[in-house]
1. For the range 47-62, give me the residue count where each residue is of a type in the set (A, V, I, L, M), in contact with a strand residue (DSSP E or B) (Cβ under 7 Å, 6 or more places away or on another chain) and assigned to a helix (DSSP H, G or I).
2. Quick one: is ASP295 outside the structural domain of VAL329 (by TED's automatic domain parsing) and not in a strand (DSSP E or B)?
3. Among (1) in contact (Cβ under 8 Å) with a residue 60 or more places away in the chain; (2) within 25 Å of VAL21 (Cα to Cα); (3) among the acidic types (Asp, Glu); (4) part of a helix (DSSP H, G or I), which single condition is GLU181 missing?
4. Sort out which residues of the range 300-320 are of a type in the set (D, E, K, R), without any contact (Cβ under 8 Å) to a residue 24 or more places away in the chain and within 27 Å of GLU254 (Cβ to Cβ), and write them in order of number.
5. Does the range 297-313 contain at least one residue that is surrounded by fewer than 16 Cβ atoms within 10 Å (Cβ to Cβ) and hydrophobic (A, V, I, L, M, F, W, C)?
6. If we only count helices (runs of 4 or more DSSP H) wholly inside the range 63-102, which ones have 2 or more residues that are β-branched (Val, Ile, Thr) and not assigned by TED's automatic domain parsing to the domain that holds VAL239?
7. Does GLY33 fit the bill of being farther than 23 Å from SER218 by Cα, in the same structural domain as LEU363 (by TED's automatic domain parsing), not in a helix (DSSP H, G or I) and not hydroxyl-bearing (Ser, Thr, Tyr)?
Amino acid sequence: MAPDPGPLLPEYGGACVTNIVPALLQHAAAGRGWLPDIALDADQVVLLVLDGLGWEQLQSRLDLAPTLRAMEGRAITTVAPSTTASALTSISTGVPPGEHGVVGYRILTGGEVLNVLRWGTAVGDARDRIPPSAFQRVPAFLGQRPPVITRAEFVGSGFTAAHLADTRLVPYRLASTLVTEAVRLARAGEPFVYAYYDGVDKVGHEYGLADHYDAELSAADRIVADLLERLPTDTVVVVTADHGQVHVGERTIELHPDVDAVTARQSGEARFRWLHARPGTTAALAEVATGCHADTAWIATREQVIDEGWFGATVTDVANDRLGDVAVVARDDVAFVEPDDGRSIHLIGRHGSLTPAEMLVPLLAAVG
């Protein structure tokens, strides 16, 4: 058996999703070497985020994505955890989760577990009790106000308010509308347009990485092709993603009873579970979690995660308070489920962990 290479940590100092927006908006020299050359000094850019499109999944299906295959670029890393809430916030703000504080999909705050994407807790909508503007304070897009093309149903959500505040939201209903809006904005002279498409992620979650995923990848490739065909001459399209996925299916694991006995709460998600210890049991929790689950997961304490820079070189006090005591991070294609996260048991494709399949995402560019 090959030795365990350990978790793939984000490359926050360089080729990471955190650095895309600063490099594009500031024409930063720091982007040289990992950002495609045609994007470095472009006068007009459309940045398209294809939620859920990992580098490994794309490379194994290049015949289904001729447009993406022909683009210039490489693999870069996403953030830890490799989950939508953390990664999209890092893309928009240009900083790691340890700075913006959106440290996962489900976060323990004020004694409640907040589902960041729904912006709700067990008692319902949390926008009044946990204001998004107070929860995440780093300005989006370096304080600039670019147009942001996103699904119409997301416009009023708490998560949108948290990671896209003070931008000019442009809603769309269907993929054709996304393309039409991007073309309209580019023709109007907007130097930078941000667009978000969630189809690949949705299909991967619901159907896994099989025929339906292949069909959706082809559909996403056509979106990129339509942009390149219809955008004004010399407009650069940059494509990236927030995370990849793995096909888990029914391979779910519940915490061992010995682990559960010293766990007060859980947060995070099925492939990056945070365990919150009962009073006085943190050391015991780390030990028993290692003994029970190290065969399928990496077990790390909060201190180890911070010291090794999983969430970036800086972890603010606010972000630190939102972490658990022990992380159970799936190494194999399994999911650690819990009763309070009932939605996750229905997912077939998953992400959140630090495997290459989840951590590596494309950064591609082409000229329209």
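The values are calculated or read from the model by the stated rules, or taken from the named source; none is laboratory data. Treat the numbers as computed from the prediction; the structure is a model and nothing was measured. When we count neighbours, we look across all protein chains shown, and the Cβ atoms used for this are built from the backbone with ideal geometry, even at glycine.
1. So the answer is 1.
2. no
3. Of everything listed in (1) in contact (Cβ under 8 Å) with a residue 60 or more places away in the chain; (2) within 25 Å of VAL21 (Cα to Cα); (3) among the acidic types (Asp, Glu); (4) part of a helix (DSSP H, G or I), GLU181 misses just condition (1).
4. GLU303
5. Going residue by residue through the range 297-313, those that are surrounded by fewer than 16 Cβ atoms within 10 Å (Cβ to Cβ) are 303-304, 307-308, 313.
Narrowing the set further to residues that are hydrophobic (A, V, I, L, M, F, W, C) leaves 313.
Within the range 297-313 (the criterion being surrounded by fewer than 16 Cβ atoms within 10 Å (Cβ to Cβ) and hydrophobic (A, V, I, L, M, F, W, C)), the answer is yes, since at least one residue qualifies.
6. Output list is empty.
7. So GLY33 passes the test.
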